[in-house]
1. Which one of these is surrounded by 13 or more Cβ atoms within 10 Å (Cβ to Cβ) and over 11 Å from the mean Cα position of the chain (by Cα): V41, V8, V20, V12?
2. Considering each residue of region 18-66, count those that are closer than 19 Å to M1 by Cα and touching a Gly at 6+ places or on another chain (Cβ under 6 Å), and give that number.
3. Can G50 be described as modelled with pLDDT of 95 or more and not polar (S, T, N, Q)?
Amino acid sequence: MSIELNGVKYRVEKNLTLLVFLSQQQIETKGCALAIDQQIVPRNEWQQRGLSDGESISLFQAIAGG
C-alpha cells in the first residue's frame, strides 16, 4: 500500500502501525506532533494506530507559545 509522510510517498506493508512505520524510517519523534489526514493523533495512540492505503501523515515539531 502507499502512504505519504510530509509530502514523500512510501510503499509499506499492510497491517503496519504508525509507530512501527516511524521506527522503520528512523524518524526521531521526540517533541513532535502528528496528524493523519489533518486529524491530530495523540501520542498514546501511535502504537496501536494502523495505517491505511492513501493516508497522508504530517509530522511536525511541536512549538509552545503564548
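1. Answer to the check: V12.
2. Selection size over region 18-66: 0.
3. Yes: the conditions hold for G50.
The values are calculated or read from the model by the stated rules, or taken from the named source; none is laboratory data. Fair warning: this is a prediction, and the values are worked out from it, not measured in the lab. Cβ atoms come from the backbone with ideal geometry, glycine included; neighbour counts cover every protein chain shown.
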